[in-house]
Amino acid sequence: MFKFLSRFREPLIVGALLLVPLLTYLTKGHRGREPNTFDRLVLRLSSPVQGVLTWGLEGVAASAAGYVALRGAHEDAASCRSELAHKNEELNALNEAKAENARLKTMLGYVDGTHDQEIVARVIGLNPSSQYLSMRIDRGEDQGVRVGMPVVTPDGVVGQVVRAVGSSADVLLLTDPASRIGGVVQRSRVRGSVTGAGDGRKLALNLVRREDDLVDGDAIVTAGSDGVFPRGLLVGTAKSIARPAVGMFLTGVVVPAVDLSRLEEVLIIPVTMAAPVVPAKDGAR
Amino acid sequence: MKFLGFSALALLLLSVEEVLVKTFSFEVTRIDVGLAIVVYVATRGTTIEGALSAFSVGYLLDVFTSKPTGLYPFLAVLTFVLVRLVAQVVDGRSRASYGLLVAGATAGHAVLAMFFTWLTSSDEVHVLSLSGVPLQTFLTTAAGVALWPLFRKIEPGERPDPGVLS
């Protein structure tokens, strides 16, 4: 026995190194595993390196861009001042509408599902495998980030936290094939499902009936029905909508509202389940 | 314990790769520096050291993917064995031939990763992730050739034993 093991030591070791991960993969499939102590150590070692590199590269890029931006700065400033004046007018009108909305909600006994302050995080890397489209951010469980929290920018939805370790976390991007969001057409309130197409650029629109009201250019927002994203966040714009000759559902793609390849900062919404708040009984209608 | 040296280098290179891929705004294209290490140890290392290094690189890649499933350690060791097999007919120890082996391994690794992901997933859309492979192959080969002198510092020797797994 010992002679056999000694003679075939190398093929046996290589065979074990092949078989153990293969069996793990085939039995656990696509679920992945929770990070163990060693995984956590690896991630804790890598995130400071990435933080420093990101800081350095962005510093260099900002310095270079600063010199370039000085050209035409005077004209830009005048244009910005004019635009700011218009925006202030719009903001004032929106504040009025907000105050009115709050008064009406109070009258209707509506309880708003507001959440705590968002956590601001800097993007420090994209994961090195193109099979899973995710990115690394510089805020983790030490800062209160938890698995399942939605990640957004002011432009729209980015994805969802799938792993939080120490002072970093991984965010599954909208464009990953494993990502699924309940969506609703902002104009017609038609519901559907938005999934990642896997190419990093677009999303697939599913489960929208062919007779439903949806046209190219319609804004798709979160429906709040998936238990992850609060409702009303912009997902993207519908494109290439087609109604095939056969089948129940129309086909189309959604162009994400956020350019996921150029993200620098994101906001993490500190809720793990955006379930609707049940109104108090005395105020319920 | 050269595999520890390669593991530490892989950890550093993967950390840098994540930042560079983000900086260059790549969508599905990656720079597979880990694979460059696997090919190097397959052409120059001993069987045990090489297989352990390949496994270790694959494990690190698996952890960095945010969804560790065991796929990448398996693919890294499989790539190690396949490169070893090819190296029976093609001498991959010079810098140029090493570059060619890295290019072949990168393309093969991407196709195998897509195949195994498709095998355990109901989605058919993973094929789209292959759109970045040509650029990925070029970038990985360039990175591998550029890092070759560094790899030689860790494993300067010629592969002492002939055969695939002996």
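According to a simple spin-label model (label point 7 Å from Cα along Cα-to-Cβ), what is the distance in nm between residue A:267 and residue A:102?
Using points 7 Å along Cα→Cβ, the separation is 1.7 nm.
Using helices alone, I'd like the mean residue ellipticity at 222 nm for the protein assembly as shown: each DSSP H run of four-plus residues gives -39500 (n - 2.57), total over residue count, nearest 500.
Details: 10 runs with 210 residues, N = 451.
That calculation yields -16000 deg cm²/dmol at 222 nm.
Which FRET efficiency value, to the nearest 0.05, do you get for residue A:78 and residue A:27 by plugging their Cβ-Cβ distance into 1/(1 + (r/R0)^6) with R0 = 51 Å?
Between residue A:78 and residue A:27 the formula returns 0.20.
What FRET efficiency comes out for residue B:89 versus residue A:52 if R0 is 35 angstrom and r is the Cβ-Cβ distance? Round to the nearest 0.05. All intermediate terms of the calculation are to be shown ahead of the outcome.
Numbers: r = 44 Å, r/R0 = 1.26.
Once rounded, the FRET efficiency stands at 0.20.
If R₀ is 56 angstrom, what is the calculated FRET efficiency for the pair residue A:215 and residue B:97, using the beta carbon separation as r and rounding to 0.05?
Details: r = 56 Å, r/R0 = 1.00.
Here the calculated transfer efficiency is 0.50.
What net charge is computed for the residues neighbouring residue A:173, neighbours being all others with C-beta under 13 Å from the C-beta of residue A:173, Lys and Arg scored +1, Asp and Glu -1? Numbers along the way, then the final one.
Values: positive: A:136, A:180, A:201, A:202, A:262, B:22, B:67; negative: A:170, A:176, A:199, A:259, B:27.
It works out to a net charge of +2.
Taking the Cα centroid of the stretch A:153-177 and of the stretch B:25-97, what is the distance between the two, rounded to the nearest whole Å?
Using only Cα atoms, the two centres lie 28 Å from each other.
How many times 2.2 N^0.38 Å is the alpha carbon radius of gyration of the protein assembly as shown?
That ratio works out to 1.13.
What number comes out for the charge environment of residue A:127, summing +1 per Lys or Arg and -1 per Asp or Glu over other residues with Cβ under 14 Å away?
Values: positive: A:136, A:163, B:22, B:30, B:67; negative: A:39, A:170, A:176, B:17, B:18, B:27, B:32, B:62.
Neighbourhood net charge equals -3.
For peptide A:168-177, how many partner chain Cβ atoms fall within 10 Å of a residue's Cβ, on average? Please report the intermediate quantities before stating the final value.
Values: counts 0, 1, 4, 1, 2, 1, 0, 3, 5, 9.
Across the residues of A:168-177, the mean count of other-chain Cβ atoms within 10 Å is 3.
If I model a spin label as a point 7 Å beyond the Cα along the Cα-Cβ vector, how far apart are those points for residue A:146 and residue B:138 in nm?
Reported label-point gap for residue A:146 and residue B:138 is 4.6 nm.
If you line up the long axis of helix B:47-64 against the longest principal axis of chain B, both from Cα atoms, how many degrees apart are they, to the nearest 10?
Taking Cα atoms only, the helix is inclined about 20 degrees.
Calculate the spin-label point distance for residue B:1 paired with residue A:188, positioning each point 7 Å from the Cα along the beta-carbon direction, and give it in nanometres.
6.5
Can you check how the C-alpha radius of gyration of the stretch A:118-279 compares to 2.2 N^0.38 Å, as a plain ratio?
Details: Rg = 15.7 Å, N = 162, 2.2 N^0.38 = 15.2 Å.
Rounded to two decimals, the normalised Rg is 1.04.
So how do A:189-201, B:38-50 stack up, highest first, on mean other-Cβ count within 10 Å?
Working: A:189-201: 20.8, B:38-50: 25.1.
Highest-to-lowest ranking by the protection proxy: B:38-50, A:189-201.
Taking the highest mean first, how do the peptides B:58-71, A:92-105, B:132-145 order by number of other beta carbon atoms within 10 angstrom per residue?
Details: B:58-71: 24.9, A:92-105: 10.6, B:132-145: 19.9.
Result, highest mean Cβ count within 10 Å first: B:58-71, B:132-145, A:92-105.
Give the lysines reachable from residue A:98 as a straight Cα distance under 22 Å; neighbours fewer than 8 places away on the same chain don't count.
Hits, sequence-local ones excluded: A:87.
For chain B, set up a GNM with springs between Cα atoms under 10 Å and report which of B:85, B:35, B:101 has the largest fluctuation.
B:85
When the Debye formula is applied to the Cα atoms of the stretch B:2-154, each taken as the same point scatterer, what base-10 log of I(q)/I(0) results at q = 0.19 Å⁻¹?
Once normalised to I(0) and log-transformed, intensities are -1.19.
May I ask which of A:239/B:22; A:105/A:202; B:2/B:67; A:28/A:202 have a Cα-Cα span longer than 31 Å here?
A:105/A:202
No value in this document is a laboratory result; all are computed from the given coordinates. Remember, it's a predicted structure, so these values are computed and weren't measured experimentally. So basically every Cβ, Gly included, is an ideal-geometry build from the backbone, and we count neighbours across all protein chains shown.
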